[in-house]
Amino acid sequence: MRCQADHAQRCQWISRNGVSLKLNSSSTTESVVMVTDSASYADRAVYQCNCTSGLPGAYLYANAYVNVVARRPKIRTKQLAHWAWANASFTLPCRSEPRPAKVEWTRVSSATPSKQVDFLNGGRYQLLGLEWGGLTDLTVDKLQLSDGGQYRCRLINQFGSASVQQNLTVLQPTRVLAGPADALADGRAYPAEAEELRLPCRVAVDSRLATIPGSNGVVSVSISWLKDGLALTPSSTTLTRKIDSSDAKAELLEFEDWLVLSPVQPQHAGRYACSAGAVAMVTSMRSADPGDTSYTGLLRVVERAESAQEIAANWLQLWPGHTGLVIAVGVSNANVINSVATSYAVEFSEQYSSYTRWHAVEHCGSVTDLRCEVRLLPSLALKFRVRALNLAGAGPPSDPPLDVTSDSDCRSEPKPPSANPTELRVDGGSCHNNVEILGQPPRLRIRWRPVSPLAINGPGFAYSLTVACEDCRSAPIGQQYATRIDGFQQDCLVLHSLEIDGKDYPIAAYRTYRVEILSVNNLGNCCTNSASKIAATASASGRSSETAPEVAPKRLRQLQMAPATAEVKAEQVEPSEGADVWLAWDMP
């Protein structure tokens, strides 16, 4: 609007609706121009112009009446990229002046034609603020991953239209894939003083967080641990991973953290959970990651059971010709919380060792029937003690141990052994490991599970072992090598040769040997059939260790040649020449 007059020295706009108006202007006889950008209905008013020639009383006033009428819409909102979390509500901005007569929001897709978004049917799309004039934002409720994409806001009136495009990326909230409940799902208790217990927290984070400006291609997640609903110290751990943001796709990145309890203590018992959420490293997100919290896992900690306070013995005749012992256990404080005994173990001492060793008696009584029946042995000087057991292990032994060796009534006549070794195995390994060592002479390893001292039954106990080769070429097939192994604790023997009829035969490579083992003592052999007088032995077969092949193809010759191939031929090696112990030919 121009404010000017003939012969005027100075002109200016002085008021708006009678209120003083300050404008940046210059004194000129030409004109003073007032410009209003983006005129709105609020600019409707009466503006007054004043001009003077500089002489006293020489001035003129003129009024300008401004009325704002409709024009083509002008959008004030810039085109932006937006990020939002699934399941949340989000508003896409579209601000304009003046108020448009019609608003259209459409989804823009390069794959399919534009699809108009229906925001008037009461669905998840709603247009807010149209009644206030100038606000035509689109709010999407309960965002879904499929809501991501390009949106176009188009404003229309009788003078024209304007549009702006907004990009929306819908991110998946961080999810806990596995938590403490997965490690504690079986409901079992853990022993106190256990070496280590690791509780997992595995989470998934949307990789597209790396595309947000300011993230520098880094995805970060914060993991917190809770016990009985309270945060543990330190309160959280932040894990990060840098990825190429240009290759970021709609996929989940997995992070993993562990809560380590080492050693497990009674005060660790409780309900554990973990929570996780993406770390907000930029301001482009209007709301924080809602995150996720795992299911709660209950950790039960069991302390060692109380000691059995006393044991008493009563003699019974349990088997014909054998004396038996019934041990009664007395226990105090057996029902202390977190230390309840689940069973009791009766142990006996071993007289054959230079130091005292204790062995558990099998088939003992339960917690409800605190009795244990033990067969006494004629050649063992036995002492007994009792331990209370639970998940945390064995409690302290009863003290002092019960000594029954002084009572001669507990003795019975010695007998032959009542059991043979079990789990007999034959192979080519070593007693110190299970790996066959190449480059050494062939050998034969024999392993077994020793008999219990309760099955020895008399003096002079030993293992009688025989070995025979079933497919050797040099050693006599079927003839046996015999040896005696003293000491019931031995469980492994390695042979490099067999002495048969005064001649030494080395163990052949990869040959089948049959082994028999028998428990004996000064009173006879184990398990002798009373009718046939033949002892029942434990037996097994296996192959000795391997060596490198000692045969080569005979009469190897070339048949024909080509630039990339060659055809050769050799005569077959006969089994008598060792051909049965090689697998294949290798021709470099």
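The residues of region 256-273 that are in a strand (DSSP E or B), closer than 13 Å to residue 195 by Cβ and out of contact with any Lys or Arg (no Cβ under 6 Å at 6 or more places or on another chain) amount to a single one, 261. For residue 142, the conditions (1) assigned by TED's automatic domain parsing to the domain that holds residue 106; (2) surrounded by 18 or more Cβ atoms within 10 Å (Cβ to Cβ); (3) over 28 Å from residue 243 (Cα atoms) are fulfilled apart from (2). Selection over region 88-141 of residues that are under 45 Å from the mean Cα position of the chain (by Cα), at pLDDT 65 or above and not in a strand (DSSP E or B) gives a count of 6.
Annotation: of all residues in region 494-539 being more than 17 Å from residue 481 (Cα to Cα), over 55 Å from the mean Cα position of the chain (by Cα) and at pLDDT 85 or above, the one that is surrounded by the fewest Cβ atoms within 10 Å (Cβ to Cβ) is 522. Tell me, yes or no, whether region 208-223 has at least one residue that is outside any strand (DSSP E or B), free of Cβ contacts under 8 Å to residues at least 40 places away in the same chain and crowded, with 20+ Cβ neighbours inside 10 Å. Looking through region 208-223, at least one residue is outside any strand (DSSP E or B), free of Cβ contacts under 8 Å to residues at least 40 places away in the same chain and crowded, with 20+ Cβ neighbours inside 10 Å. Taking (1) more than 25 Å from residue 143 (Cβ to Cβ); (2) modelled with pLDDT of 85 or more; (3) hydrophobic (A, V, I, L, M, F, W, C); (4) over 19 Å from the mean Cα position of the chain (by Cα) in turn, residue 278 satisfies each apart from (1). Before we move on, is residue 164 touching a Cys at 6+ places or on another chain (Cβ under 8 Å), at pLDDT 80 or above and either buried (at least 21 other Cβ atoms within 10 Å of the Cβ) or over 30 Å from residue 272 (Cβ atoms) (or both)? Yes: the conditions hold for residue 164.
The set of residues from region 211-249 being modelled with pLDDT under 85, within 24 Å of residue 83 (Cα to Cα) and among the small types (Gly, Ala, Ser) comprises 214, 215, 217, 245, 246, 248. Considered as a group, the residues in region 429-482 that are of a type in the set (Gly, Ala, Ser) and at pLDDT 90 or above include one that is nearest to residue 549 (Cα to Cα), and that residue is 468.
No other residue among 445, 484 is within 52 Å of the chain's Cα centre (by Cα), assigned to a strand (DSSP E or B) and surrounded by 15 or more Cβ atoms within 10 Å (Cβ to Cβ) apart from 445.
The values are calculated or read from the model by the stated rules, or taken from the named source; none is laboratory data. Remember, predicted model here, so these are calculated numbers, not experimental data. Positions of Cβ are backbone-derived with ideal geometry, glycine not excepted, and every protein chain shown enters the neighbour counts.
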